[in-house]
Each structure stands twice: as C-alpha cells, then as structure tokens.
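Read the structure below first, then the notes.
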Protein chains: 2
Amino acid sequence: MMVRMSEAIPARRGRTPSADVERELLAAAEAVLVREGPAGLTVRAVAAEAGIAPMGVYNRLGGKDGLVEALLIKGFDRLRVSLEEAFAAAGEPAMRGRFISCGLAYRRFALANPHFYAIMFEDAILHEHDSQEVHDHAAACFGALVRAVEMSAAAGVIAAPDPLEVAQQIWSAVHGAVALELKGLVLTPDPEYTYQAFIATLIRGLAPR
Amino acid sequence: MMVRMSEAIPARRGRTPSADVERELLAAAEAVLVREGPAGLTVRAVAAEAGIAPMGVYNRLGGKDGLVEALLIKGFDRLRVSLEEAFAAAGEPAMRGRFISCGLAYRRFALANPHFYAIMFEDAILHEHDSQEVHDHAAACFGALVRAVEMSAAAGVIAAPDPLEVAQQIWSAVHGAVALELKGLVLTPDPEYTYQAFIATLIRGLAPR
C-alpha cells in the first residue's frame, strides 16, 4: 500500500531501501498468486498490485521467472518451517506424536496454501530450469523431513536403515493424499479422518520389526 | 491412414460404418495426445491426424470436450483392465502376491501412459463437468481397486473393515509415488526399488493386527 501511494505521488516519497521494495514486491506476488492462482501470476498483475511500473518488477526480480523463483523459495521455506515446528511441538513429548503431528502439518500447509502447493509440486507453472537457490531451499525442506525420519528412527518409532528411502516413501504418501484431496478426488466421507488413518497405516508399515 | 486417403479422394471411398469412424477418430486422438501431450490436443490436430475436416470431429465427438471425454473413458478402462489383469494373474496363486502385482500395475500403467495419467488425475486439461459416462467409467476403475481390497481382506492379507477407506489410502499411496516419479521428484537412486519397498510398507501397515 505504501509503495502504491508513493508511486502515485513520486515527489513525496523518500528513498525506500532496496530490501524493503523487494519484500513488498514479493508480498504483492503472493497476493496475486493467492487471489488469481498460478495462471494469473504475471509481471503486469504483480506490478499493478504493488503499484509500480512493470519495468520495476523486471529490474528487481528479473521478470516472470524471477517472480516464480522468489515464490518457490518462499513456499519451500514456509513448508520447511511448518514441518519443523510441528515436529518440535512441545505439546507432544513422545516421538510418535511428533512424527504424526509432522504428517498432519504437511496436509495443513497444502490446504492452507493450495496455490503455493501447485507451483511447488504440481507443475502449475513451468519452471524447468530452477536456480541453484531454489534447489537449495527445496533440498532444505526435504532435509527437514529426513531429519524427522532420523530422529523418529533413533527413538524406535520407525525403522529407517536408509533415511532417504523412508523419507521418500513418506513424501509419496502425504503428497498422494494431499494431491487427491486438492483435486476433489477423496471419495471417502471425511478426508481428514482418512488422512489421519493413512498416517497411522504408514507408521505401522514403517515400524521396527 | 485409410481415412486420410479416402478423404483426399472422396469419390473412391465407400461408406464407412459410423462406429468404425469413431474408433479411428479416437485412435487419432490418442496418437495426438501421446505425441503432443495434453496441451497439443485440439480438434484441428485430431482432424488432421485422422485426415478429416475439423467439422467431422465436432459432428462425431462433440468437439474438444467430447474428445477429452472419450479419451478419459479410454484411460479409465485401460487402467481398470490393467489392475484387474494384474490382480487375477495366474502366476501368483497367493493373494499377497496378487495384491502386490496390482500395486505394481498401477505404476506400470502411469509410466507407460503418462499423458493419459495427466488428463485422468493431474488436471492437465480442464474438464470440470464430466458426463455421467465418464463418471461411470472412473467409478468402475476405482471399483476394481475396492474389489481387490475386499478379496485381499477376505484372504487375511490386509485388514479392511471399511474397504472404501482402505482403497482410498492405497490410491493416495500409489498416486503419490507415481505423481512424484512422473515429475522427476523421486530423490532416491532407484525409483522402482523405492516403489516396491513402499508397497511392502503399505501392506505391513494394512496387515491384520
């Protein structure tokens, strides 16, 4: 909002530090993504939302590709923090409960951020050549899951001789459940119940033998 | 090819029975889908592939929507048959083996028919108002999974007090694994190994207690 006003009355505005402008641009990009969906995410729409000229988006973020990359990083960081916070939850001293709460957090993130989920994991926007920075943030997000697997295995909740293999299985499970739910393809009466039962199935399947 | 030639030299062709023409049109539609992907599936492209005028596609199939519906029905039927054949496999007398072979068949179908999979389960083409016929074929496909669950439960391989709930969990699992693999998001060295291990995890998780 402040950017919008200051653009409208350029003589009045003071210099805005560059990081602030980028933060506001990114907030505008998220607002457009949430409101219009991935198909509506354009340089023009984000510039209008932020109240600056489209050239400003090109200069600051490198156009559409830069916009998408910045949003992907934001999405991966938000999911990573969600998983880490759920896994660290103080209310669940038992490791089994922390593991479950981490699984539930994945679904909560996806349902609360469906458009982020769509660009992160559903190819809603083509981004074949992600930058190293995007890869690093995506890897950090998967790393949070691998750490949860390692700690759960150390506590005897699951067996994970190869934590990467187990983390991939868990990701397949939660992604599948969430992807079907976001597409309206859960055919049971209560998707939340079915998801919880699925997490329980998964833990039983991964339990030490 | 015969349609193409007969269109080029209309005086020579005899009358082709309507069902044959529709079968050839559908074969042309599949060829376009496989070669060009969902984005390339247009009335014009299918008409060119079949060697008829675009109006012929509208008349026979009802345009783009009809094309997509016909392909969806073909895809659901093909997946249903794959699952049923795998589950009935004579080489696997034990129910546990039949259940596993059914799980492996799902991945095989998806990897062999990625563009079908994309229009069936990935919203690669918007089809919000599917006809009753499409719904019926999709339901028959899911029904094949439910029957496999019921028979596996009857044989004591898994517990399924509510077969629909268990079928949905299994679908979430295999869809998630396959969707990530199709998007290049399996981070383990051998996706086939990881998938097989995942099916084993699932069976353990669903085992009678």
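Residues of region B:166-209 with amide nitrogen under 19 Å from the 7 Å Cα-to-Cβ point of A:ASP130?
Label zone hits: B:176-191.
Anyone know which of A:SER18, A:SER82, A:SER101 comes out most mobile in the 10 Å Cα GNM of chain A?
A:SER18
For region B:54-209, what log10 I(q)/I(0) values come out of the Debye formula at q = 0.12, 0.15 1/Å, with one point per alpha carbon and no solvent?
-0.55, -0.82
From the label point of B:ALA200, set 7 Å along Cα to the beta carbon, how far off in nm is each other copy's matching point, shortest first?
2.6
With a 1.4 Å probe, how much accessible area is buried between chains B and A, both sides summed, in Å² to the nearest hundred?
It comes to approximately 2900 Å² buried between B and A.
I need the phi-derived Karplus couplings for region A:174-187: 6.51 cos²θ - 1.76 cosθ + 1.60, θ = phi - 60°, integer Hz, Gly and Pro marked x.
These are the phi-based 3J(HN,Hα) values: 5, 4, x, 5, 6, 5, 5, 5, 5, 8, x, 10, 8, 9 Hz.
Considering protein heavy atoms only and a 1.4 Å probe radius, which residues within region A:181-197 exhibit an accessible-area decrease of no less than 30 Å² in the full assembly relative to the chain by itself?
The answer is A:LYS183, A:LEU185, A:LEU187, A:THR188, A:THR194.
Once the label point is set 7 Å along the Cα-to-beta-carbon vector, what list of distances in nm do you get between A:ALA27 and its counterparts in the other copies?
Distances to the matching label points in the other copies: 6.1 nm.
What size of dipole, in debye to the nearest 20, comes out for the protein assembly as shown about its Cα centre when the only charges are +1 on Lys and Arg C-beta atoms and -1 on Asp and Glu C-beta atoms?
Dipole of the protein assembly as shown, to the nearest 20 debye: 40 debye.
Divide by every residue of chain B the summed helix terms, -39500 (n - 2.57) for each DSSP H run of at least 4, and state the resulting mean residue ellipticity at 222 nm, rounded to the nearest 500 deg cm²/dmol.
-24000 deg cm²/dmol
Once you place label points 7 Å from the Cα toward the Cβ at A:MET55 and A:ALA39, how far apart are they in nm?
3.2 nm
Would you work out what percent of the accessible area of the protein assembly as shown, with all protein chains in place, is carbon or sulfur (probe 1.4 Å)?
57 percent
Over chain B, what is the mean sequence separation of C-alpha contacts under 8 Å (at least six apart), divided by residue count, expressed as relative contact order in percent?
18 percent
Under a 10 Å cutoff between Cα atoms, tell me which one of A:VAL68, A:VAL46, A:VAL81 has the largest fluctuation in the Gaussian network model of chain A.
Among A:VAL68, A:VAL46, A:VAL81, the largest GNM mean-square fluctuation belongs to A:VAL81.
Using a Gaussian network for chain A with springs between C-alpha atoms less than 10 Å apart, which of these wobbles most: A:ASP65, A:ASP77, A:ASP123?
Top of the fluctuation ranking is A:ASP123.
Just grab the label-to-label distance for A:ASP190 and B:ALA88, each label 7 Å out from Cα along the Cβ direction, in nm (one decimal).
Reported label-point gap for A:ASP190 and B:ALA88 is 3.8 nm.
Express the accessible area of region B:97-174 per residue in Å², computed with a 1.4 Å probe while the remaining protein chains stay in the model.
Per residue, region B:97-174 has 41 Å² of solvent-accessible surface.
Taking 0.36 nm per intervening residue step and subtracting the Cα-Cα distance, what contour gain separates B:ASP77 from B:ARG147 on full extension?
Between B:ASP77 and B:ARG147, full extension yields an extra 23.6 nm.
Go through region B:71-80 residue by residue and turn each phi into a ³J(HN,Hα) via Karplus (6.51, -1.76, 1.60, θ = phi - 60°); whole Hz please, and just put x for glycine and proline.
Whole-Hz 3J(HN,Hα) from phi for region B:71-80: 6, 4, 4, 4, x, 5, 5, 5, 5, 4.
Treat every Asp and Glu Cβ in region B:85-150 as -1 and every Lys and Arg Cβ as +1, leave all other atoms uncharged, and give the resulting dipole magnitude about the Cα centre to the nearest 20 debye.
500 debye
Find every distance from the label point of B:ALA39 to the corresponding label point in the other copies (7 Å from Cα along Cα→Cβ) and write them in nm, one decimal, shortest first.
1.4
Pick out, in residue order, every one of the trypsin sites (Lys or Arg not before Pro) in region A:15-107 that is DSSP loop and has at most 16 other C-beta atoms within 10 Å; say none if there are none.
Listed in order of number, the matching sites are A:ARG15.
About the Cα centre of chain A, how large is the charge dipole given +1 on each Lys and Arg Cβ and -1 on each Asp and Glu Cβ? Please answer in debye to the nearest 20.
In total the dipole reaches around 460 debye.
The values are calculated or read from the model by the stated rules, or taken from the named source; none is laboratory data. All figures in this text were calculated on a predicted structure; none of them were measured in a lab. When we count neighbours, we look across all protein chains shown, and the Cβ atoms used for this are built from the backbone with ideal geometry, even at glycine. Surface areas here come from the heavy atoms of the whole protein model, side chains and all, with no ligands, DNA or RNA. Shrake-Rupley method; radii C 1.70, N 1.55, O 1.52, S 1.80 Å.
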